[in-house]
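Everything below concerns the one structure shown next.
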Amino acid sequence: MQKYEIFKPCDLVIYGALGDLSTRKLLISLYRLEKAELLENETQIIGVDLHKKENKGFVKIAQASLKEFLNEDIDKSVWEKFSSRLSYLQIDLTQMDQYKKLKTVIDSKQRVLINYFSVAPFLFKHICQGLAQSGILTDDAKVVMEKPLGHDLKSSQEINSAFAEVFKEDQIFRIDHYLGKETVLNLLALRFANSIFTSNWDHNTIDSIQITVAEEVGIEGRWDYFDQTGQTRDMLQNHLLQILTFIAMEPPVNLEAKSIRREKIKILEALRPITVENVAKKTVRGQYSSGFLKGHEVPGYLEEDGATTDSTTESFVALRVDIDNWRWADVPFYLRTGKRMHNKRTEIVINFKQLPHNIFKDSFIDLPANKLVIHLQPKEGIDIQMLNKVPGIGGNIKLQKTKLDLSFSETFKNKKVFGGYERLILEAMRGNPTLFLSREEIEQAWTWIDSIRNAWEHQNESPKPYPAGSWGPVSSVALLARDGRAWEE
Ligand code: BG6
């Protein structure tokens, strides 16, 4: 990752600049990059949207967004510099002749053109065509976009092909915002910089692995999007599978995008298909009903704004995943993710195998196995659950479960932690694709997800209800109980 430097200032064009993603995340992250002095002096930020607006109208919107979402006071001198970079163009993105307006502000000889697609996917193709005709694209122009990149393999291939007609693969930066998270990246360090883990990370020592991405939020007024999508496509196809590949992949040769992507794809290819024959045993779908979260009553999924009463979209999914390769033979990965769960928690639990013989029967008839728990959010850290002797003399040796606890916020107190978008925008500006998804990766993930969704359709069952504020439907407990295991609570 070292060899990429910020080598040139950029023209960063945000298509859909007045939308949610831009105003809640992108502008805030760009301001933070400004504050950290990570933007080149000549870099410009150009907002593009359908509505008529002067430059100063856009500057006002940016300022209002910062006030609402920054979580700290706006620094006057940083703001002055930041706002001087902002300009706005009104473009109807479906009208090809309007793209020539970009020529008035873009200078592809002096600055790298970064096109950030912060728009609904139906516009992707139009923008690609508009840009192709505009005459502003050079070989180092880049395009950045994020999910939904399709809703199945076929639609994802169509989107990718539309991009491929205009851009080469190394110009395309597909975001999964989990890859911008400090703690997700730390998985690489944990696994490949610490010999105790490099040598104890396979079927010889590990019994099973759990990945939980539990959210407190519901669908946040996004009925139209979410009801068409469901938790499987919203969270599992991308964020959970990305975490899984980081946990399961072989050591890459180096940190270059090519090496890391190669190893991630091998894992995605090795995922055992979930099919009509085994879907009932291997998966659980749920949908939240009304319940209590932190003492407040919250509505059920079917009572959310805009809801249609008969929706069978899942807001929770749990599954047993098997990876058919040498390292992970007979080591199940249990994944679960849901909305309106008991609390926000993203966590990986590595359950080590039990020892073959127990000499401490006085303390434990069944000697508990070690556990490594990696907390990704909200509290970032790592703990190892182990056994220690209770101090004392006389009598037999008595053991007690203890924890080796490492909290990142304590250990790295003086280090500023950047958000995912800051990191990803910066890496796109540097032209470093390591933290972005390749076409092959996305399509491989869809192939696996499509098979599950297809099996559900044949199964023709509705998701199981679970009360908001719980850990999901009871059948998700049964999913592990059948294998003699339990979720880490
Ligand atoms: C997004 C999903 O990709 O990730 C949302 O569309 C979800 O539905 C969000 O709430 C979760 O992200 P984070 O960073 O809060 O874990």
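The values are calculated or read from the model by the stated rules, or taken from the named source; none is laboratory data. Just so we're clear, the structure is a prediction, and the values are computed from it rather than from any experiment. Cβ atoms come from the backbone with ideal geometry, glycine included; neighbour counts cover every protein chain shown. What goes into the accessible areas is simple: the full protein's heavy atoms, side chains included, and nothing from ligands, DNA or RNA. Shrake-Rupley method; radii C 1.70, N 1.55, O 1.52, S 1.80 Å.
What residue, among those in the stretch 340-353 that are open to solvent by 40 Å² or more (accessible area, probe 1.4 Å) and within 16 Å of the ligand (Cβ to nearest atom), is farthest from the chain's Cα centre (by Cα)?
Among those that are open to solvent by 40 Å² or more (accessible area, probe 1.4 Å) and within 16 Å of the ligand (Cβ to nearest atom), it is His342.
Closer than 18 Å to Val213 by Cα and either within 16 Å of the ligand (Cβ to nearest atom) or open to solvent by 10 Å² or more (accessible area, probe 1.4 Å) (or both): is that true of Phe316 in this structure?
In short, yes.
From Ile209, Ile219, Ile196, which residue is closer than 26 Å to Lys147 by Cβ, away from the ligand (no atom under 16 Å from the Cβ) and of a type in the set (Val, Ile, Thr)?
Matching residue, one of Ile209, Ile219, Ile196: Ile209.
Just checking, how many residues over the stretch 247-268 are of a type outside the set (Lys, Arg) and either within 12 Å of the ligand (Cβ to nearest atom) or closer than 19 Å to Val331 by Cβ (or both)? Give the steps one after another, and end with the answer.
Restricting attention to the stretch 247-268, the residues satisfying the condition of being of a type outside the set (Lys, Arg) are 247-257, 259-260, 263, 265, 267-268.
Among the residues that remain, those that are also either within 12 Å of the ligand (Cβ to nearest atom) or closer than 19 Å to Val331 by Cβ (or both) are: 247-251, 263, 267-268.
Counting residues in the stretch 247-268 that are of a type outside the set (Lys, Arg) and either within 12 Å of the ligand (Cβ to nearest atom) or closer than 19 Å to Val331 by Cβ (or both) gives 8.
Pick from the stretch 242-255 the residues that are in contact with a helix residue (DSSP H, G or I) (Cβ under 7 Å, 6 or more places away or on another chain) and more than 22 Å from Glu347 (Cα to Cα): which of them is least open to solvent (accessible area, probe 1.4 Å)?
Pro252
Does any residue of the stretch 228-235 turn out to be buried (at least 19 other Cβ atoms within 10 Å of the Cβ), more than 11 Å from the ligand (Cβ to nearest atom) and within 29 Å of Arg439 (Cβ to Cβ)?
Yes, that holds for at least one residue.
State whether one or more residues within the stretch 237-246 are more than 16 Å from the ligand (Cβ to nearest atom) and under 13 Å from Leu188 (Cα atoms).
yes
Which condition breaks for Arg174 when tested against (1) within 16 Å of the ligand (Cβ to nearest atom); (2) open to solvent by 10 Å² or more (accessible area, probe 1.4 Å); (3) among the charged types (D, E, K, R)?
(2)
Return the residues of the stretch 362-380 that are more than 16 Å from the ligand (Cβ to nearest atom) and at pLDDT 90 or above; say none if nothing qualifies.
Phe364, Ile365, Asp366, Leu367, Pro368, Ala369, Asn370, Lys371, Leu372, Val373
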